[in-house]
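The values are calculated or read from the model by the stated rules, or taken from the named source; none is laboratory data. This one's a predicted model, so the numbers in the text were calculated from it and none came from an experiment. Neighbour counts run over all protein chains shown; Cβ positions are idealised from the backbone, glycine included. Areas reflect the complete protein model, heavy atoms only, side chains present, ligands, DNA and RNA absent. Shrake-Rupley method; radii C 1.70, N 1.55, O 1.52, S 1.80 Å.
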Amino acid sequence: MRKLLYIFFVLLMFAACDIHTSDNGDLDGYWQLRSVDTLSTGGTCDMRDSMRFWSFQANILHVRDNHDKIRKVLMRFNITDNVMILSDPIIDLRDSSDILFTDTTILWHYGIHDIPETLKVITLNSSTMVLENRVLRLNLRKY
């Protein structure tokens, strides 16, 4: 009888668990902004030394500068049919309330110009991601 009670208890614990998983596939993870190409002129800017990163998990994007020169920002993203839409940016303030903002100048350093921002997914695999907005092509590599 005691074994039956333990088995019931274990089954009850498994039934109570709510495991959330992401359907993002190769997108989830930590990406370094490697270069930015200007679509109108064909110019390229090497961004490897800037230490700017995009981190995707579930439906949240965290953009950060590891040199801490630019504010870290969290935002929502949605990806459907190779189109990514970024929205609802907030400044990441760990020690106080986060701030929802509409001035996108902070985001320009990450290649994001509008909110909501629409990015076309050109390439996405386990090591490389290429995104385009109306002005720029963003080349990222996965860590």
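For this structure, a couple of remarks:
- Selection count, segment 109-120, where residues are open to solvent by less than 60 Å² (accessible area, probe 1.4 Å) and either closer than 24 Å to K69 by Cα or out of contact with any Leu (no Cβ under 7 Å at 6 or more places or on another chain) (or both): 7
- Unique residue being open to solvent by 30 Å² or more (accessible area, probe 1.4 Å), on the phi < 0 side of the Ramachandran plot and β-branched (V, I, T) when the list is V83, V63, V73: V83
- None of I106, I115, I70, I79 is touching a residue at least 12 places away in the same chain (Cβ under 8 Å), over 15 Å from K142 (Cα atoms) and part of a strand (DSSP E or B) except I79.
- Filtered residues of segment 7-52 (kept if surrounded by fewer than 13 Cβ atoms within 10 Å (Cβ to Cβ), over 16 Å from T123 (Cβ atoms), at pLDDT 90 or above and not polar (S, T, N, Q)): G42, G43, C45, D46, R48, D49
- Selection status of T123, of a type in the set (S, T, Y), open to solvent by less than 60 Å² (accessible area, probe 1.4 Å) and in a strand (DSSP E or B): yes
- So T128, is it within 17 Å of M47 (Cα to Cα), free of Cβ contacts under 8 Å to residues at least 24 places away in the same chain and of a type in the set (S, T, N, Q): yes
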